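A.B. asks: One structure follows; several queries about it will come next.
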Amino acid sequence: PPPPPPYFHPPTLIKLGLLFTIFITLFTMSATATDQQEALAHQATTHVAAIATEAPASADEIADIQRSLAEVSSPTLRSLLDNRARDCETVNAASIVPGGRPHPLGDDAIVGRSSLRHEDAQRWTELGNAALRTDSVATLLFAGGQGTRLGYSGPKGGYVLDELESSPCLFQLFAERLQKLASLVGSPVPRLYVMTSAATDASIRALFKEHGNWGLADDRVFFFVQGSLPAFDAETGNLLWSTRTSLALAPNGNGGVYAALSESGALADMEKHGVTHLAQIAVDNCLALPIDPMFVGLMAETGADVGSKVVTRKDPDEKVGVFGLKEDKVCVIEYSELTKEQASDRQEDGQLVWRACHICINSFTTAFLRRAAEAA
């Protein structure tokens, strides 16, 4: 799409009774034992044996280990356990990705800047502005990450941009852009949905409260926490533990947003307030528009459920996901899924075949999000 207007991510010996207790508990989670449950039980017994090198596990610790596993022993976890060996042993990820080997995305799937007509841009922008005036468009901000790589100890969104005259933090920047957009369009200030993480939720809420949401009304800001998944050892495929009795957990990735929107009540809140279109950005992209009216209008006119902004990949070694096809369905393909030859393939005009980079700027209809949440 065209550039945005200017207002615009053991000991070997342990008590058999302890092992038997944890094994039986895990098996009674379901009436029928499955291969995945066996894998889960194996993880438990392996861990109990491992911690016994320091000191034998007490009855209370055994109970805590059981609870820790039970809290996350969803079908998703059991599926991860079932596939862990395959994933750890596979060298070429392109051979195992769902849908088989990927295929390039055709140019007809992209509205390019060079081919955009002025009358189309104008019409789409007005369609988007009209939707904003009905208060049916909102923003979803992915903000769960820590600012460690930025040299900042808090959540990424609290990082201050000293290069700008007013020295705003990232959260402030997006809050002010939403308010500026509303003043230009003559619409209510769009609602903001902020996806935090277990590690950053409290500090993000405190930042917003301390600064009065940077001008946003309390009832138009909704916080919800991203889900978590257990961490695995890349070499062995075994679950990692943060303490003797607690699993090491990590954010479950951007794909976890569908379930998180539903389980937190955020999606229901959108539906309650008549939001039909959700524009998503990542907090660490200070150039991103919280909402681009032209993009909203393009999606409305074409009836698309999902839209994504892309930039052109220039370098075969650029480590960024690209759009492609699997079983004729559009998807994002990680750079690690492409062979070196695929990543370097060029068209006759010299452009890379795999060049539509995913930059974590997406838009969704809430109807699609509801369907995705129910399928998650």
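A.B. asks: So Thr302 passes all but one of these: (1) farther than 26 Å from Arg220 by Cα; (2) in contact with a helix residue (DSSP H, G or I) (Cβ under 9 Å, 6 or more places away or on another chain); (3) among the hydroxyl-bearing types (Ser, Thr, Tyr). Which condition number does it fail?
C.D. replies: Thr302 satisfies all of (1) farther than 26 Å from Arg220 by Cα; (2) in contact with a helix residue (DSSP H, G or I) (Cβ under 9 Å, 6 or more places away or on another chain); (3) among the hydroxyl-bearing types (Ser, Thr, Tyr) except (2).
A.B. asks: Does any residue of region 352-374 turn out to be among the aromatic types (Phe, Trp, Tyr), assigned to a strand (DSSP E or B), modelled with pLDDT of 95 or more and crowded, with 19+ Cβ neighbours inside 10 Å?
C.D. replies: Yes, because at least one residue in region 352-374 is among the aromatic types (Phe, Trp, Tyr), assigned to a strand (DSSP E or B), modelled with pLDDT of 95 or more and crowded, with 19+ Cβ neighbours inside 10 Å.
A.B. asks: Just for region 255-296: of the residues that are over 15 Å from Thr139 (Cα atoms) and in contact with a strand residue (DSSP E or B) (Cβ under 7 Å, 6 or more places away or on another chain), which one is modelled with the lowest pLDDT?
C.D. replies: Checked region 255-296; the qualifying residue modelled with the lowest pLDDT is Ala260.
A.B. asks: For region 121-172, what are the residues that are more than 15 Å from Ala288 (Cβ to Cβ), aromatic (Phe, Trp, Tyr) and touching a Gly at 6+ places or on another chain (Cβ under 6 Å)?
C.D. replies: Trp124
A.B. asks: More than 25 Å from the chain's Cα centre (by Cα), surrounded by 16 or more Cβ atoms within 10 Å (Cβ to Cβ) and part of a helix (DSSP H, G or I): does that describe Ala175?
C.D. replies: no
A.B. asks: If Lys319 satisfies every condition in (1) over 30 Å from Gln122 (Cβ atoms); (2) surrounded by 13 or more Cβ atoms within 10 Å (Cβ to Cβ) but one, which is the exception?
C.D. replies: Only one criterion is unmet by Lys319, namely (2).
A.B. asks: Give me the pairs: first residue in region 331-360 and at positive phi, second residue of a type in the set (Val, Ile, Thr) and at pLDDT 90 or above, beta-carbon distance under 8 Å, and six or more apart or on different chains, which are they?
C.D. replies: Taking only residues 6 or more apart or on different chains, the pairs are Cys360/Ile281.
A.B. asks: Report, by residue number, each residue of region 256-293 that is assigned to a helix (DSSP H, G or I), surrounded by fewer than 24 Cβ atoms within 10 Å (Cβ to Cβ) and over 18 Å from the mean Cα position of the chain (by Cα).
C.D. replies: Scanning region 256-293 gives Ala268, Asp269, Met270, Glu271, Lys272.
A.B. asks: Mind checking which residues of region 179-214 are hydrophobic (A, V, I, L, M, F, W, C), assigned to a helix (DSSP H, G or I) and farther than 19 Å from Val137 by Cα?
C.D. replies: Result: Ala202, Ile204, Ala206, Leu207, Phe208, Trp214.
A.B. asks: Also, quick follow-up: Please enumerate the residues belonging to region 116-138 that are outside any helix (DSSP H, G or I), polar (S, T, N, Q) and over 20 Å from Ile281 (Cβ atoms).
C.D. replies: The answer is Thr134, and nothing else.
A.B. asks: Condition first: in a loop (DSSP other than H, G, I, E, B) and touching a helix residue (DSSP H, G or I) at 6+ places or on another chain (Cβ under 6 Å). Now tell me which residues in region 139-172 satisfy that.
C.D. replies: Correct list: Ala143, Gly145, Gly147, Gly154, Tyr159.
A.B. asks: What number of residues in region 39-81 are at pLDDT below 65 and not polar (S, T, N, Q)?
C.D. replies: Counting residues in region 39-81 that are at pLDDT below 65 and not polar (S, T, N, Q) gives 7.
A.B. asks: Which residue out of Ser344, Ser336, Ser308 is of a type in the set (Ser, Thr, Tyr) and touching a helix residue (DSSP H, G or I) at 6+ places or on another chain (Cβ under 9 Å)?
C.D. replies: Only one candidate passes the filter, namely Ser336.
A.B. asks: Only one of (1) at pLDDT below 95; (2) more than 16 Å from Gly145 (Cβ to Cβ); (3) surrounded by 14 or more Cβ atoms within 10 Å (Cβ to Cβ) fails for Ser187. Which number is that?
C.D. replies: Here Ser187 clears every test but (1).
A.B. asks: Kindly indicate the residue of region 232-249 that is modelled with pLDDT of 80 or more and hydrophobic (A, V, I, L, M, F, W, C) and also nearest to the chain's Cα centre (by Cα) among those meeting that condition.
C.D. replies: Leu249
A.B. asks: Then there's this: If you scan region 263-291, which residues turn out to be more than 21 Å from Thr200 (Cβ to Cβ) and small (Gly, Ala, Ser)?
C.D. replies: Ala268, Gly274, Ala279
A.B. asks: Can you tell me which residue among Glu348, Glu318, Glu334, Glu341 is within 29 Å of Ala266 (Cβ to Cβ) and charged (D, E, K, R)?
C.D. replies: Only one candidate qualifies: Glu334.
A.B. asks: Could you list all residues from region 127-154 that are under 24 Å from the mean Cα position of the chain (by Cα) and either within 18 Å of His277 (Cα to Cα) or at pLDDT 95 or above (or both)?
C.D. replies: Hits for region 127-154 are Ser136, Val137, Ala138, Thr139, Leu140, Leu141, Phe142, Ala143.
The values are calculated or read from the model by the stated rules, or taken from the named source; none is laboratory data. Here the structure is a predicted model, which means the values were calculated and not measured. In this analysis, Cβ positions are derived from the backbone assuming ideal geometry, glycine residues included, and neighbour counts consider all displayed protein chains.
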